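The values are calculated or read from the model by the stated rules, or taken from the named source; none is laboratory data. The model shown is predicted, which means the values in this text are computed figures rather than measured ones. Glycine gets a Cβ as well: all are built from the backbone with ideal geometry, and neighbour counts include every protein chain shown. Surface areas here come from the heavy atoms of the whole protein model, side chains and all, with no ligands, DNA or RNA. Shrake-Rupley method; radii C 1.70, N 1.55, O 1.52, S 1.80 Å.
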Amino acid sequence: VLVPANVSMSPVSLSAARLLEQSSFGPTPASLARVQLLGMQAYLDEQFAMPETPIPVPANNSMGDLRTWMLQNYTSSPDQLRQRVAYSLSQIIVTSGNKLVYANEMLPWLRLLSQHAFGNYRDLLRDTAMSPSMGKYLDLARSMKPGMAGGANENFARELMQLFSIGLWRLNQDGSLMVGPDGQPMSTYDQSTVRQLALALTGWVYVNNAYEDFSGPMLPKPVNHDTSAKAFLGCSLPANQSVEQDLDGVIDCLMQHPNTAPFVATRLIRSLVTSNPSPQYVMRVADVFAGAQSGVRGDLKATVLAILTDPDARQDVAPASGGRLKEPILQTAGLLRALNGGFSSTNGLAYLYDYMSQSILTPPSVFSWFSPLYRAPNTPLFGPEFQIYSPSEATLRGNVFYGFLTSQGADTTVDLSPFQPYGNDMPALVEAANQVLLYGRMPAPMKQAIIAAAAPGYDAHTRIVTVLYLTVLSGQYAVQY
């Protein structure tokens, strides 16, 4: 049951609901009650300590079955904080089913994101470099020293810097661009840096030196490794180092780079909390990532905790530039969870996300589903998710919402019974929707408009569905703030 009928209109704790929007795939009646019972810190501690949800191996190695499981996992996994952080990390360190076409090729990457979600970013980067998933996706597998057989592949080296660690432009600790004497942004690296890193990263092959073997991390093959001295980003690697020593040198250099803390902090804040964080917010989180409190650089658990407990994140009155647009996965999973439902373990709905430009496990490029630098149309504000929110895609989302609310079957479940006592009491029904979906923030004019639109419905069920449908179509529901 969603909530007992006699309390479904009781005010929802806005602070608890906002925390759950940031730290899970949306509040449920049970998770709201849990936060209110334990308090924010104890709830987060409980989530940090929760065991990982195991990722299954589809019996037929089907990517379709893995996509089905991912949808079900978004709405049902108990370790919601880990899953939400892994989801955010997946948009920084990207692979895609457009090249990893079988489940066994994708699984190593999914598992390392889950494993390291509360670990250390250095370990995540190192395991990413050794992952056979990334070995195939960005061509590091069998990259070798220059010679008759070929040369160092630069794809992974470039994205390791541009997207996974330091970005294109030098940053201040608050995430702002550092400018040179000419007032222009300063590049973080150049092509010679890419070449040096690519040489340092040569010498990795699949397990058993097979053509493609995803049964374990890639292994060093010294004969393929360039052993010359390398210099990049103010770091140097001496000649004649092993494959592993050069990898460690690369990862250590990137972890110590002054850009890494504000770069990763900004990306995680934008994915979890707000698309336009204040410079002070970014700096506070970047300082934690840099080890200002613990002396440990790259501690993701501490970084996530800093993001979620920061005063800017816990400000329940939204500033004009606050919040973030929900992408289709968060918006649809959030609706099902709010109505005490979810995706079934056999759902066949992954194709809907292809239409909504957020194809499950198959982003179109190394930038994931949308560019992290995309700005909301006709504004100076960052709004990455707006890149996949065209009128057509917005309409498709509306169709998906309507299907969830009206087509109970094998794919999804929702529980509308708590709204039934109010099917003939329009103000009470709208207020119930307001509390469950908007946590009491529905503007008065919106209430009146929904009442006017839904009141002519020919029965209570029709009015309930109409009220819920119009609420989830609103801008108030589309934005997490």
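Projecting the Cα atoms of 199, 476, 257 onto the charge dipole of the chain, computed from C-beta unit charges around the Cα centre, puts 476 farthest toward the positive end.
In region 400-481, the portion of solvent-accessible area held by carbon and sulfur atoms comes to 59 percent [1.4 Å probe, whole percent, DNA, RNA and ligands not counted].
With runs of 4+ DSSP H residues as the only contributors, calculate the mean residue ellipticity of the chain at 222 nm using -39,500 (n - 2.57) per run, divided by the residue total and rounded to the nearest 500.
-14000 deg cm²/dmol
Nearest 10 degrees is fine. How inclined is helix 191-200 to the longest principal axis of the chain, computing both from alpha carbons? Once rounded, one gets 80 degrees.
With +1 on each Lys and Arg Cβ and -1 on each Asp and Glu Cβ, and nothing else charged, work out how big the dipole of region 152-215 is about its Cα centre, in Debye to the nearest 20. Before the final figure, lay out the partial values.
Values: 3 positive and 7 negative charges, 28 e Å.
With Lys and Arg at +1 and Asp and Glu at -1, about 140 debye.
Measure up 301/326; 99/221; 145/301; 99/230; 99/145 against 27 Å on the Cα-Cα distance and list the ones that go over. Correct reply: 145/301; 99/230. The charge dipole of the chain, taken about the Cα centre with unit charges on the Cβ atoms of Lys, Arg (+1) and Asp, Glu (-1), comes to about 360 debye, rounded to the nearest 20. Applying the Karplus relation 6.51 cos²θ - 1.76 cosθ + 1.60 with θ = phi - 60° to region 116-130 yields 3J(HN,Hα) values of 9, 4, 10, x, 10, 5, 4, 4, 4, 5, 5, 5, 4, 4, 8 Hz, where x marks Gly and Pro.
Note on residue 280/residue 211: beta-carbon distance plugged into 1/(1 + (r/R0)^6) with R0 of 45 Å gives a FRET efficiency of 0.30. For the pair residue 14 and residue 45, the difference between a 0.36 nm per residue extended length and the Cα-Cα distance amounts to 9.1 nm.
Karplus-derived 3J(HN,Hα) values for region 282-293, using 6.51 cos²θ - 1.76 cosθ + 1.60 with θ = phi - 60°, are 4, 5, 4, 6, 4, 4, 5, 4, 6, x, 4, 8 Hz; glycine and proline are entered as x. From the alpha carbon centroid of region 278-294 to that of region 378-435 is 36 Å. With angles folded into 0 to 90 degrees, how steeply does helix 40-49 sit against the dominant principal axis of the chain? Use alpha carbons for both and round to 10. It is inclined by approximately 50 degrees.
Ordering 132, 437, 315 by the projection of their Cα atoms onto the charge dipole of the chain, which places +1 on the Cβ of Lys and Arg and -1 on the Cβ of Asp and Glu, puts 315 at the extreme positive end. Between the listed residues 20, 90, 77, the Cα displaced farthest toward the positive end of the dipole of region 1-114, a dipole computed from Cβ unit charges relative to the Cα centre, is found at 90. Largest accessible area first, the residues 393, 154 order themselves as 154, 393 under a 1.4 Å probe with ligands, DNA and RNA left out. Its Cα centre serving as origin, region 302-423 has a Cβ charge dipole (Lys and Arg +1, Asp and Glu -1) of approximately 100 debye.
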